[in-house]
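Every number here is computed from the coordinates shown, using simple stated rules; none is lab data. Quick caveat: nothing in here was measured; it's all calculated off a predicted structure. All Cβ positions, even for glycine, are placed from backbone atoms using ideal geometry, and neighbour counts span all protein chains on display.
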Ligand code: PEP
Ligand code: MN
């Protein structure tokens, strides 16, 4: 439930609404807006006496959020969320961000080469898993903390911000210590204890859609993060499982405008896991940007033939450079632009 205040409502009137919500036994979330302030009521179990709130001074109207997810919905917040990252980089505004890098951090040489190459072409964030969710327990599982340290080194040398995955509640704080954005992978989209922990770190979270998750389920998982007080959530369409094995997954491009309609959160696309095939990544990245994605995340490896994971879907650095050029043309055609990378810390 949302209590919308009149334009010009005083601080004391807003405070009275907050106090009343708390007296009723719920949590109040004041949300100052450009036009007017609203106060969200969190934890609504359907028994709230709205008339008590409606009668308070300064209250314009009460909005009942009809979706099962509340704080994530556009009913709750009309303006699109712009996630602010260190150095002034933003996700969800007019700029489209490009996140690129290998599937996994494999060695210092590999991650630095990947970082330099994608930075050179204009990516602003570096991806790379230090903790890898692999389908087989015998596949490369990642370098762990050593990988996180290498990502931090790559950030220092290139200025690229770092996106990396946390796989379990126990390692969230460790990942948060090194990462600028904590990734929650497709397989963990409904790992609710992980979501709760990630929601409390104070770091932005990139939440990937599960392989068999509906859009409602994705948004409900995001609600877990917001319910913990973390508003800095970026959603990611990374393909869902279809019946056709011509591609690894089916990249649901339509999820991008659908999510934009239902939620104020930014959404990016991952055409690498979405297709699983190097030569299909570029057209689907173009499609995602054209469909309004707030960013794309693509796997790029300096030597895809030697990659320890997902080599078949990793772009060669030259292909990535070409894709960046195309993304620039598409963003311009739709009134957006590509986010510029930050300068290197050590520069
Ligand atoms: C990844 O981004 O490295 C990854 C494992 O992706 P997903 O969770 O989408 O499979
Ligand atoms: Mn991968």
> When ranked by the protection proxy of mean other Cβ atoms within 10 Å per residue, highest first, what sequence do the peptides 194-200, 179-185, 85-91 form?
Replying inline: 179-185, 194-200, 85-91
> Going by alpha carbons, how many degrees (0 to 90, nearest 10) lie between the helix axis of 145-158 and the longest principal axis of the chain?
Replying inline: 90
> Cα gyration tensor of the stretch 203-281, axes a ≥ b ≥ c as square roots of the eigenvalues: rounded (a/c below 1.5), prolate (a/b > b/c) or oblate?
Replying inline: prolate
>> I'd like the orientation of helix 278-290 relative to the chain: the angle between its Cα long axis and the longest Cα principal axis, in ° from 0 to 90, rounded to 10.
In response: 30
> What order do you get for 34-40, 98-104 when each peptide is scored by the mean count of other beta carbon atoms within 10 Å, highest first?
Replying inline: 98-104, 34-40
> Using a basic spin-label model with each label point 7 Å from the Cα along Cα→Cβ, how many nm lie between residue 109 and residue 82?
Replying inline: 4.3
> So how far apart, in nm, are the two label points at residue 45 and residue 152 if each is 7 Å from Cα heading toward Cβ?
Replying inline: 4.4
> For the chain, what's the radius of gyration and Dmax over Cα atoms, in angstrom?
Replying inline: 21.0, 67
>> I need the calculated FRET efficiency for the pair residue 134 and residue 23, taking r as the beta carbon distance and R₀ as 51 Å, to the nearest 0.05.
In response: 0.50
> Where does helix 11-23 land angle-wise versus the long Cα axis of the chain, in degrees 0 to 90, nearest 10?
Replying inline: 90
> How big is the antiparallel share of DSSP beta bridges in the chain, given as a percent to the nearest 5?
Replying inline: 35
> Given the C-alpha centroids of the stretch 98-116 and the stretch 1-72, what is the distance between them in whole angstrom?
Replying inline: 46
>> Given points 7 Å out from each Cα along the Cα-Cβ axis, report the residue 7 to residue 321 separation in nanometres with one decimal.
In response: 5.3
>> Counting other beta carbons within 10 Å of each residue's own, what order do 77, 208 fall into, fewest first?
In response: 77, 208
> Listing 136, 171 from the residue with the fewest other Cβ atoms within 10 Å to the one with the most, what is the order?
Replying inline: 136, 171
> By how many nm would the segment from residue 329 to residue 192 lengthen if fully extended, with 0.36 nm per residue of separation less the alpha-carbon distance?
Replying inline: 45.4 nm
>> Using a 10 Å cut-off around each Cβ, can you sort 345, 3 from fewest to most neighbouring Cβ atoms?
In response: 345, 3
>> Residues of the stretch 111-149 with the amide nitrogen closer than 17 Å to a label point 7 Å from the Cα of residue 168, along Cα-to-Cβ, please.
In response: 130-146
> Highest mean first, what order results for 10-22, 272-284 on Cβ atoms within 10 Å?
Replying inline: 272-284, 10-22
